[in-house]
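The values are calculated or read from the model by the stated rules, or taken from the named source; none is laboratory data. Here the structure is a predicted model, which is why all the values come from computation and not from measurement. Reconstructed Cβ throughout: ideal geometry from the backbone, glycine too, with neighbour counts over all protein chains shown.
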Amino acid sequence: MPDPSARSDSPWRVLLVFLGLGLTSFGGPVAHLGYFRTEFVERRRWLDDRAYADLVALCQFLPGPASSQVGMALGLSRAGGWGMLAAWAGFTLPSALALVALAEAIVRQPALASAGWVHGLKVAAVAIVAQAVWGMARTLCPDRQRAALAIGAALVLLAWPAALAQVLVIAAAALAGRWLLRLPAAAAAPLAQRWPLSRRGGALALVLFLLPLAVLPMWALASGTPTAALVDGFYRAGALVFGGGHVVLPLLQASVVPGGALGNAEFLAGYGAAQAVPGPLFTFAAYLGAAAHWPWQGWTGGLLLLAVIFAPAALVLLAALPLWQALRERAGVRAALAGVNAAVVGVLLAALYDPVWTGSIQGRADAALALAALGLLVVGRCPPVLVVGLAAAAGQAMAWMS
């Protein structure tokens, strides 16, 4: 089996391979990882199952969109830094461009935000977030201590729905996990691959990851401009998302809706639409950047905030690759991460009520549609793109009948 750190492809080749995945990878991050395994382990034999499992474990350990980070690492291993960028662009841009086009349509035709099919997208978001909460709770809160952390996080955020509260809850959960959780020892076999990065390069990437977390809030506070506020909020969202792409929802909502950059109806419509396109859920940021009321509204703003939200995921990946063997053997680090993962269940549970439920459900018919969509997802195991399409059609039909 070839060493995956060997550079044997051009960035253009990597771009084309990931572009095919970006156009066809429906179903969320778990499905994406399945597509990647089929493409890169079975079909192209870029790496073996053991190396792929190591890589997936690393990316699930880090903040950020795990499937996108796996793709970035594979691009890095095949064609260096340009290959990493090419893998990200190929997998991300198809859905991002589709969502920017939707945002442009809503900006030019504001009546679209109140159309029946758009309301159906918002109702579908209720079912999708409910499914995410349930699935994440089963995996990330398997004992009483972590269930208590999740419930406590939800209670705090329901009482104090602010962006600062979300950051403090995640930090407190990391400390609680570090000192209160006792996890079974995890066997950590030697890594099956080596990456073309030094520890010095990883340390530089870590500094570049942490620096904006300190500088951007000061810029936003000092300038008071919408640009500074949105860049700060989106970078922080990309840096603090643990446990799955759906957790980005409350972080982004706190960045755009309270300050008036975007209405809650337009926000939830975009979130529902993001379920119907392939690729990572983080491309929702492109919709928000294009639709928000700020100096860069449109295509420029969409692509700018798309880059901002993915930047921390790339930097923390580069920082962790040289250190992964040592990190995964530290019991304290694993316990802190378990506490964070439990808290993000609570973060998403609070978001399920506000803004998702409160912004989407206007009566019994909406509640029934959300319940039907949830049944299709959980019991029928229907793909999200189909459920979203049916919900949009049902929302339009209800609008015609009213």
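Could you tell me whether Gly389 is part of a helix (DSSP H, G or I) and touching a Gly at 6+ places or on another chain (Cβ under 6 Å)? Considered against the rule, which asks whether it is part of a helix (DSSP H, G or I) and touching a Gly at 6+ places or on another chain (Cβ under 6 Å), Gly389 comes out as no. Pull up segment 322-340, narrow it to residues that are at pLDDT 80 or above and not small (Gly, Ala, Ser), then point me to the one that is surrounded by the most Cβ atoms within 10 Å (Cβ to Cβ). Only one residue tops the list, namely Val340. Using the structure shown, decide if Leu181 is crowded, with 19+ Cβ neighbours inside 10 Å, touching an Asp or Glu at 6+ places or on another chain (Cβ under 9 Å) and not polar (S, T, N, Q). Against the criterion (crowded, with 19+ Cβ neighbours inside 10 Å, touching an Asp or Glu at 6+ places or on another chain (Cβ under 9 Å) and not polar (S, T, N, Q)), Leu181 qualifies. Selection over segment 245-267 of residues that are at pLDDT below 90, small (Gly, Ala, Ser) and crowded, with 24+ Cβ neighbours inside 10 Å gives a count of 0. Of Ala111, Ala53, Ala89, all but one fail to be assigned to a helix (DSSP H, G or I) and within 23 Å of Thr358 (Cβ to Cβ); the exception is Ala111. Scanning segment 206-237 for residues that are buried (at least 19 other Cβ atoms within 10 Å of the Cβ) and over 24 Å from Pro295 (Cα atoms) gives a single hit, Phe209. Does Leu16 fit the bill of being among the aliphatic types (A, V, I, L, M), exposed (fewer than 15 other Cβ atoms within 10 Å of the Cβ) and either within 11 Å of Gly90 (Cα to Cα) or at pLDDT 75 or above (or both)? Against the criterion (among the aliphatic types (A, V, I, L, M), exposed (fewer than 15 other Cβ atoms within 10 Å of the Cβ) and either within 11 Å of Gly90 (Cα to Cα) or at pLDDT 75 or above (or both)), Leu16 qualifies.
Among the residues of segment 68-90, the ones that are in contact with a Lys or Arg (Cβ under 7 Å, 6 or more places away or on another chain) and without any contact (Cβ under 8 Å) to a residue 60 or more places away in the chain come to 0 in all.
Of (1) at pLDDT 90 or above; (2) among the small types (Gly, Ala, Ser); (3) closer than 22 Å to Arg334 by Cβ; (4) surrounded by fewer than 15 Cβ atoms within 10 Å (Cβ to Cβ), Ala186 satisfies all except one. Which? Looking at each condition in turn, Ala186 falls short on (1). Let me spell it out: the conditions are (1) of a type outside the set (Asp, Glu); (2) farther than 27 Å from Ala342 by Cβ; (3) within 17 Å of the chain's Cα centre (by Cα), and Arg50 meets all of them except one. Which number is the exception? Answer for Arg50: the failing condition is (3).
Among the residues of segment 42-70, those identified as of a type in the set (A, V, I, L, M) and within 23 Å of Pro383 (Cβ to Cβ) are Val56, Ala66, Val70. A count restricted to segment 284-299 and to residues that are surrounded by fewer than 24 Cβ atoms within 10 Å (Cβ to Cβ) and part of a helix (DSSP H, G or I) stands at 1. Given the structure, is Ala313 crowded, with 24+ Cβ neighbours inside 10 Å and touching a Leu at 6+ places or on another chain (Cβ under 6 Å)? Taking the combined requirement at face value, the residue does not satisfy it. Among the residues of segment 69-84 satisfying the criterion of being in contact with a helix residue (DSSP H, G or I) (Cβ under 6 Å, 6 or more places away or on another chain) and not aliphatic (A, V, I, L, M), which is surrounded by the most Cβ atoms within 10 Å (Cβ to Cβ)? Selected residue: Gly71.
Being in contact (Cβ under 8 Å) with a residue 12 or more places away in the chain and out of contact with any Gly (no Cβ under 9 Å at 6 or more places or on another chain) is the requirement here; does Gln131 meet it? Answer is yes for this residue.
Within segment 227-245, the residues that satisfy the criterion of being more than 18 Å from the chain's Cα centre (by Cα) and either aromatic (Phe, Trp, Tyr) or within 20 Å of Gln166 (Cβ to Cβ) (or both) are Ala228, Ala229. What do you reckon, is Ala370 touching a helix residue (DSSP H, G or I) at 6+ places or on another chain (Cβ under 8 Å), in contact (Cβ under 8 Å) with a residue 12 or more places away in the chain and either more than 19 Å from Pro29 (Cβ to Cβ) or of a type in the set (S, T, N, Q) (or both)? Taking the combined requirement at face value, the residue satisfies it.
When Ala153, Ala127 are checked against the criterion of being modelled with pLDDT of 90 or more, part of a helix (DSSP H, G or I), among the hydrophobic types (A, V, I, L, M, F, W, C) and within 21 Å of the chain's Cα centre (by Cα), Ala153 stands alone in meeting it.
Per the listing Gly302, Gly279, the residue uniquely surrounded by 24 or more Cβ atoms within 10 Å (Cβ to Cβ), outside any helix (DSSP H, G or I) and either within 19 Å of the chain's Cα centre (by Cα) or on the phi > 0 side of the Ramachandran plot (or both) is Gly279.
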